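**Q** Supplied in structure tokens, the structure appears directly below.
Read the figures in this text as sums done on the coordinates, not as results from a lab. In this text, all values refer to a predicted model and were calculated from it rather than measured experimentally. Cβ atoms come from the backbone with ideal geometry, glycine included; neighbour counts cover every protein chain shown.
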Amino acid sequence: MSHDSNEASARIFAFYLHDQPDNRGRRLADILARGDDWLERTQGYVQWLFPLPEPSGSNPHAPWLDSETIAAFRANEVMRDRLRSAYLRMLRFYGLRERTWHVEKGENWDDRKTKWATAPTHNNLRITRILRSMCLLGLRTDAEAFKGCLMRLAQLDADCDFDEQALACWCGATAEV
């Protein structure tokens, strides 16, 4: 699949700004309104919510970022606000919540942790994508708060079983951008 910057920008802008669906007919607001079970078992939406500069190996139809798209995204408050909404939804999915630039366990932590934090899962890769995309697109402070929570959980919560590879990826996701 070749990469055309104009096409990539148009697809991301259409999804984030103009309520256009992804390649499977899902709009941003529809994805964010879905329940945790749907988010867990459904593939392909994370690549649309949190695009990266390289094509996705698991969703070849998802757009990817180029320098012009990154700059435009960073300059557009509406797009950043919608990205932040996606981030907050994913925090709830993981059983976490934001409290004044600090991320902590949420009310649903005990239920949600068993789905991702007590053993390595595909969610480790999702989290890496989320952190890196947020840094690229102008939400570094939020990404650092999320990463900080993950590092605290790894050190202080006996239930969390994050492997060294996941921890290294999460640190690298914010360091390289």
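**Q** Run through the range 135-177 and list the GluC sites (Glu not before Pro) located in a DSSP loop whose Cβ has at most 10 other Cβ atoms within 10 Å. Please report the intermediate quantities before stating the final value.
**A** Working: sites: 144, 164, 176; in loops: 176.
Listed in order of number, the matching sites are 176.
**Q** Something else about it: Find the Rg to Rh ratio for the range 31-98, where Rh is the Kirkwood radius over alpha-carbon pairs and Rg uses the same atoms. Before the final figure, lay out each step's value.
**A** Values: Rg = 12.9 Å, Rh = 13.1 Å.
That ratio is 0.99, to two decimals.
**Q** Taking 0.36 nm per residue of separation and subtracting the Cα-Cα distance, what length does fully extending residue 71 through residue 100 add?
**A** Numbers: separation 29, 0.36 × 29 = 10.44 nm, distance 2.64 nm.
Extra length available between residue 71 and residue 100 comes to 7.8 nm.
**Q** If you put +1 on each Lys and Arg Cβ and -1 on each Asp and Glu Cβ, how big is the dipole of the chain around its Cα centre, in Debye rounded to 20? List each step's numbers first, then the result.
**A** Details: 24 positive and 26 negative charges, 63 e Å.
About 300 debye.
**Q** Mind ordering 122-129, 134-141 by average Cβ neighbours within 10 Å, highest first?
**A** Working: 122-129: 18.1, 134-141: 20.2.
Per-residue Cβ counts within 10 Å, averaged per peptide and sorted highest first, yield 134-141, 122-129.
**Q** Find which of 139, 9, 56 sits farthest along the positive direction of the dipole of the range 5-175, computed with +1 on the beta-carbon of Lys and Arg, -1 on that of Asp and Glu, about the Cα centre.
**A** Farthest along the dipole direction, towards plus: 9.
**Q** How big is the Cα convex hull of the range 5-175 in projection, averaged over all directions, in nm²?
**A** Values: hull surface 36.8 nm².
Mean shadow area of the hull around the Cα atoms is 9.2 nm².
**Q** Could you point to the residue in 158, 101, 88 farthest towards the positive end of the range 68-177's charge dipole, with +1 and -1 charges on the Cβ of Lys/Arg and Asp/Glu respectively?
**A** 88
**Q** Take 160, 149 and order them by how many other Cβ atoms sit within 10 Å, fewest up front.
**A** Details: 160 16, 149 19.
By the 10 Å Cβ count, ascending: 160, 149.
**Q** Using +1 at the Cβ of each Lys and Arg and -1 at the Cβ of each Asp and Glu in the chain, identify which of 174, 125, 32 lies farthest towards the dipole's positive end.
**A** Value: 32.
**Q** While we're looking at this one, here's another question. Would you please give the FRET efficiency between residue 110 and residue 18, computed as 1/(1 + (r/R0)^6) with r the Cβ-Cβ distance and R0 = 41 Å, to the nearest 0.05? Please list the in-between numbers first.
**A** Working: r = 39 Å, r/R0 = 0.95.
Once rounded, the FRET efficiency stands at 0.55.
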